[in-house]
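One structure is given below, encoded as C-alpha cells.
Derivation of every value follows stated rules applied to the coordinates shown; laboratory data play no part. Note that the coordinates shown come from a computational prediction; the quantities given were computed from them, not determined experimentally. Cβ sites come from the backbone with ideal geometry, for glycine too, and all protein chains shown count toward neighbours.
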Amino acid sequence: MTMNTKIWLLIVGFGLLMPMAYAQQDSVLTYEEAVNIALRENIQIKQQQNLLKINEAERAQAYAQFVPTVGANISAQRQYGIFFDSGADTLVNGKTDGMSGSIGATYPIFSGFSRFNQIKQSQNALEAQFHQISQTKQEVIFNVSQQFLQVLLNQELLRIAKSNLEQQEELLESVEAFVETGIRNIADQYNQEAETKRVALSVVEAENNLAVSKAGLVRILQIDPFKEWKFAEPNINQAEMLTSQINLEELYNQAIASRPDIKQQQNIIKANEYGVKVAKADFYPTLSLRYNYGSFYTSNSPLTFQTQVTDFNDSHVISASLDIPIFNNFFTRARVQRLRQQLNNAALDMEDLERNVLEQLQTAVADYQTSQQRVIAAEAQVKAAEKALEAERERFRLGVGNILDLNRVNALYVEAQAQKVQADYRLIFQKTALDYYTGRLQAESVSAE
C-alpha cells in the first residue's frame, strides 16, 4: 500500500467518523434524570437548605443553654497620684502598675422551664423546615413533569404533522400523474399543491412549538442551552390510568397525612405553642449559681508576680442569685399576647390550608375523570376518522370523489390523531397533578414499568 493510498484511507475514515462524533454530542435525558438534575440544581431548594442550617444552629443553641456559660476577663492598668494600694496594703504616692484577671461560670438552675420549651420550639421549627424542603422538591418535580410532558406532547404532534406532510406529498405526486394522463383536471393539482403547502406550514409551526417547550425545560433544568437535547419518553401504563377508580375522601385523608405543607403547618403551630410558653417563663423567678476565680498583681508589692497571683491574691467566690420579676412595663405581657395571636393565626392558616386541599383535590379528581373519558372518546374519534378516510381514498381512487373532499376528511383524521395524543398526555398531566395535590408525587409517579 502506497503512502498516498494510506492518506486517502485516513481522510475517508475521518470523514466517516465525523458524523458519529457530532451525533454523540446529542444528549438524551430520561424523565428520572431530568428530575434529579432539577432537584440538584434548583435555587429555591438550595435556599431552603441554607435556612435549614440556621434552624440546626438554633436547635444546637437551645441545647447549649443546659451548659454553664463561661467567661474570662483580664485587665492591666497604670495609676498615678496618691492612693491606697490594697495589694501592697500601703498608701502610695507615685506610679503603680497593676494587673487583674478572673474566670467565672454561671449555671441557671431554674428559669421558668424556658430552656425545655426552647428546645421543643427549635425542634419543631427544624422539622417544619424539613417539610418545607420536601414541599419545594415536590413543586420542582411537578413543574419538571409538566414541562417534560409538554415536550413529549409536542414531539408527538410534530411526528403526526410530518407523517401527514409525507402523505400529502405522495398524494400530490399521484394527482400530478393523474393530470398528465388526463384522469384528473389541473384544478385538482392546484388544490393539492395548496394543501401540501398548508400542511408544510403546520410542520414548521409544530417544530417551533417543540423548540419553545424544549427551551422552557432546559431553563428549568439549568442545563447547557446550546446542546441538542433529546428527551426519552417514559414507560406509561395508560390502561391502569383509564381503569383506576378515585375516592375523594380517601385521597383527602391521605393528603392530610402525607402532604409536606400540612406537616409543616402542624410543626409551625407546635413551635408557636412552645414560643408562648417560653415567653411566659419571664413571669417566673430565675435562680442561678455562679462560681468565679480571680487574682491580681501590683508593682508596689515586694512579692513576685507568680507569688502574688497564685498564692496571696487569688480568690474563689461561689454565689447564688434569685431574680424575682415585679414590674417590667408590661413587656412580658405584651410579648405573650403577641405570640398568642401568632399562634391563633397559625391555627387559622391550618384551617384554610385544609380547605384548600379539599378544593384542590375536588378539582383534580374531576379533571382526572374527565381526562379518562376524553381519552376514550378520542380513541373512538380516531377509529371513525380512519374509516372515513379509507372510504374517501377509495372513492377518490375510483374517480367518484374529489380532492377537496379527500383533503377535508384527511384533515379531520389528522385532527383526531392530534386530539388523541393531547388526550393521552392530558390524562398523564392530571395523574401528576392528582399525585401532587395528594402529597405522593415522586419521580416514579410519571413513569411506570
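Quick rundown of the values:
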{"read-out": "Cα pair distances of region 268-387 binned at 10 Å [whole percent]", "value": "10, 15, 13, 12, 12, 11, 8, 6, 5, 4, 2, 1"}
{"read-out": "Per-q log10 I(q)/I(0), region 345-449, q = 0.21 Å⁻¹ (Debye; single scatterer per alpha-carbon; no solvent)", "value": "-1.02"}
{"read-out": "Helix 403-438 axis, angle to the chain major axis (alpha carbon atoms, nearest 10°)", "value": "20"}
{"read-out": "Those lysines that a straight Cα-Cα span of less than 19 Å connects to LYS227, excepting residues fewer than 8 apart in one chain", "value": "LYS214"}
{"read-out": "Listed residue (PRO225, SER288, SER213) projecting farthest to the positive dipole end of region 166-313, Cβ model", "value": "SER288"}
{"read-out": "Value of [θ]222 nm, deg cm²/dmol, for the chain, DSSP H segments ≥ 4, -39500 (n - 2.57) each, nearest 500", "value": "-24000 deg cm²/dmol"}
{"read-out": "Nearby lysines by direct alpha-carbon distance to LYS270 (threshold 25 angstrom, same-chain neighbours under 8 apart not counted)", "value": "LYS53, LYS120, LYS137, LYS280"}
{"read-out": "Estimated vicinal HN-Hα couplings, Hz - region 159-171 in sequence order (Karplus 6.51, -1.76, 1.60; Gly, Pro = x)", "value": "4, 5, 5, 5, 4, 5, 5, 4, 5, 5, 5, 5, 5"}
{"read-out": "Relative frequency of Cα-Cα separations exceeding 20 Å in region 69-164, percent", "value": "75"}
{"read-out": "Rounded to the nearest 20 debye, dipole of region 189-332 from Cβ charges on Lys, Arg, Asp, Glu", "value": "240"}
{"read-out": "Dipole of the chain, positive end: most advanced residue of PRO260, THR370, ASN313 [Cβ charges, Cα centre]", "value": "ASN313"}
{"read-out": "Per-peptide average of other Cβ atoms within 10 Å, ordering 376-382, 76-82, 324-330 highest first", "value": "376-382, 76-82, 324-330"}
{"read-out": "Percentage relative contact order, region 295-449, counting C-alpha pairs under 8 Å, at least six apart", "value": "22"}
{"read-out": "Acute angle (nearest 10 degrees) that the helix 260-280 long axis makes with the longest principal axis of the chain, alpha-carbon atoms", "value": "20"}
{"read-out": "Nearest-ten-degree value, helix 331-397 long axis tilted from longest Cα axis of the chain", "value": "10"}
{"read-out": "Vicinal HN-Hα couplings computed from phi for region 93-107 (Karplus, 6.51 cos²θ - 1.76 cosθ + 1.60; Hz; Gly/Pro x)", "value": "10, x, 10, 9, 9, x, 8, 9, x, 7, 9, x, 9, 10, 10"}
